[in-house]
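The values are calculated or read from the model by the stated rules, or taken from the named source; none is laboratory data. Quick caveat: nothing in here was measured; it's all calculated off a predicted structure. Every residue, glycine among them, receives a Cβ derived from its backbone with ideal geometry; neighbour counts consider all protein chains shown. Keep in mind that these areas ignore ligands, DNA and RNA; they rest on the heavy atoms of the full protein, side chains included. Shrake-Rupley method; radii C 1.70, N 1.55, O 1.52, S 1.80 Å.
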Amino acid sequence: IERTLSIIKPDATKRNLTGKINAKFEDAGLRIIAQKRIQLTKEQAGAFYAVHKERPFFDELTTFMASEPVVVQVLEGESAIAKNREVMGATNPADAAPGTVRAEFAESVGENSVHGSDAPETAAVEIAFFFSSLELV
Ligand code: ATP
Ligand code: MG
């Protein structure tokens, strides 16, 4: 059993899509074991996305992530990291497979509705970024 960090991004929270996105996770066999709505500062968004700080889209990405509240959540299941990324679809919604969250809901490569950890090491770091051990049962 594996855990991964998921974020429902501002473009999706703004359009009230949290429940529809969560239904896709649950339909895929992922269990939402922790969840909260928070407002990131631009600095916090930058700390979370520090691996991308040299990328040309870093400023746009951190401004976007701080523009509206986000829903951060921990998903649990068999191969949760890979399964979540499958449900999310490709980064660019134009390339995302039909039925994926990004194919159905994302607005652009930047405003693409969801984040998901990409490996066990990053999942552990990203979960600890938002949740204390007391919040994870
Ligand atoms: P995430 O890490 O959010 O789950 P990902 O792993 O599919 O998405 P990354 O390459 O890690 O994609 O990029 C992180 C995020 O940066 C993307 O989800 C997107 O919001 C943004 N991003 C990536 N490429 C671009 C781009 N060319 N222009 C604008 N924003 C981008
Ligand atoms: Mg990524």
- Out of the range 84-99, which residues are open to solvent by 30 Å² or more (accessible area, probe 1.4 Å) and small (Gly, Ala, Ser)? Ala90, Ala94, Ala97, Gly99
- When residues of the range 100-127 are filtered for being out of contact with any strand residue (DSSP E or B) (no Cβ under 9 Å at 6 or more places or on another chain) and either closer than 16 Å to Gly46 by Cα or open to solvent by less than 70 Å² (accessible area, probe 1.4 Å) (or both), how many remain? 7
- Which listed residue is of a type outside the set (A, V, I, L, M, F, W, C), open to solvent by 10 Å² or more (accessible area, probe 1.4 Å) and not in a helix (DSSP H, G or I), from Ser6, Ser67: Ser67
- Item | In the range 116-137, the residues that are in contact with a helix residue (DSSP H, G or I) (Cβ under 8 Å, 6 or more places away or on another chain) and either among the β-branched types (Val, Ile, Thr) or within 19 Å of Arg31 (Cα to Cα) (or both) | Gly116, Ser117, Asp118, Ala119, Pro120, Ala123, Glu126, Leu136
- Item | Breaking point among (1) open to solvent by 20 Å² or more (accessible area, probe 1.4 Å); (2) β-branched (Val, Ile, Thr); (3) under 15 Å from Thr122 (Cα atoms), for Thr18 | (3)
- Item | Subset of the range 123-137 that is in contact (Cβ under 8 Å) with a residue 40 or more places away in the chain and more than 13 Å from Ile7 (Cα to Cα) - its residue that is farthest from ligand 2 (Cβ to nearest atom) | Val137
